[in-house]
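The values are calculated or read from the model by the stated rules, or taken from the named source; none is laboratory data. The shown structure was predicted, so the numbers you read here are calculated from the model rather than taken from an experiment. Cβ placement follows ideal geometry from the backbone for every residue including glycine, while neighbour counts extend to all protein chains displayed. When the accessible area is computed, the model is the full protein with side chains, heavy atoms only, and any ligands, DNA or RNA have been set aside. Shrake-Rupley method; radii C 1.70, N 1.55, O 1.52, S 1.80 Å.
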Amino acid sequence: MTGTAITWLTQEAYDRLQHELDELVAQRPVIAAEINARREEGDLKENGGYHAARDEQAKQEDRIRKIQELLRQAQVGVRASDGGTVEPGMVVTVAYDGDDSDQETFLLGSREEGSHGSLAVYSPQSPLGESILGAAPGDSREYLLPNGRTQKVTVIEVEPFTG
């Protein structure tokens, strides 16, 4: 997938991420002040507090960039079409090949969505998510497992997420 993929988010997830971003941005001066205070302690090579503050700053800036990119690409609260095919924002039930009783139902959306009760969330960029995009009920697809084997799944049901 390209870096310009649309990310489907509920309004709740978007608001939560926006709040987290606002808090992280507000903490920038605090981290900068901590780095400056640690820098003034002297020898930077052996200054554990300085290096810890720099590491924290790097993690914080990385998270800020990730959230900004996610929010920039977000399709918020727009209900997925009911075209009967798998797309972000849909609740999908699949059956795993080789075990007739092994079915799973999940939301295809951003991992930032978190969980919705017992409903798992899979990213459209995950191997399973990528393999079933565009599939209709009854379609079978394969994807590569981390161990190098392939897993075949059949889409059983597709419906818009209603929150």
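Taking every protein chain into account, the accessible area of the chain amounts to 59 square angstrom per residue (probe 1.4 Å). Note on residue 159/residue 32: beta-carbon distance plugged into 1/(1 + (r/R0)^6) with R0 of 30 Å gives a FRET efficiency of 0.05.
Note on residue 105: accessible area is roughly 60 Å² with a 1.4 Å probe, heavy atoms of protein only. Taking 19, 51 and ordering them by how much accessible surface each has at a 1.4 Å probe, largest first, produces 19, 51. Since only 127, 47, 144 are under comparison, the one whose Cα sits farthest along the positive direction of the charge dipole of the chain, derived from C-beta charges on Lys, Arg, Asp and Glu, is 47. A simple spin-label model places the labels of residue 15 and residue 76 1.0 nm from each other, with each point 7 Å out along Cα-to-Cβ. The apolar share of the surface of the chain, taken as the fraction of accessible area on carbon and sulfur atoms (1.4 Å probe, ligands and nucleic acids excluded), comes to 47 percent.
Using the Cβ atoms and a cut-off under 14 Å, what net charge is assigned to the surroundings of residue 143, where Lys and Arg are +1 and Asp and Glu are -1?
Working: positive: 141, 149, 152; negative: 97, 104, 130, 139, 142.
After counting each charged neighbour, the total is -2.
Considering only alpha-carbon pairs that sit under 8 angstrom and 6 or more positions apart, the relative contact order computed for the chain is 24 percent.
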